[in-house]
């Protein structure tokens, strides 16, 4: 064996720095992805709050309309209530 075989080759030191650079790039990309996910979560939370506010403001009007319908047509309301209850029971207990 000659002494030249133990010497590092010219490209070995630069090849060793490639995994470190790739790790740094991966870390940067993951950080950017995490920031994007956090921003999307904040935006979704804000939109969910807006939807909840809209539903709460529409609730009393819907309850009033349903109450008026029950007063005007009580028999139909009872039939609809029975059918909805029966369907809910089938969904909960299933058909055996």
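Being part of a helix (DSSP H, G or I), at pLDDT 80 or above and surrounded by fewer than 10 Cβ atoms within 10 Å (Cβ to Cβ): is that true of residue 83 here?
no
Only one residue in 40, 22 is surrounded by 10 or more Cβ atoms within 10 Å (Cβ to Cβ), under 33 Å from the mean Cα position of the chain (by Cα) and modelled with pLDDT under 85. Which one?
22 is the lone residue from the list that is surrounded by 10 or more Cβ atoms within 10 Å (Cβ to Cβ), under 33 Å from the mean Cα position of the chain (by Cα) and modelled with pLDDT under 85.
Evaluate the following for residue 77: is it touching a helix residue (DSSP H, G or I) at 6+ places or on another chain (Cβ under 8 Å), part of a helix (DSSP H, G or I) and surrounded by 10 or more Cβ atoms within 10 Å (Cβ to Cβ)?
yes
The values are calculated or read from the model by the stated rules, or taken from the named source; none is laboratory data. Since the model is a prediction, treat every value here as computed from it, not as a measurement. Neighbour counts run over all protein chains shown; Cβ positions are idealised from the backbone, glycine included.
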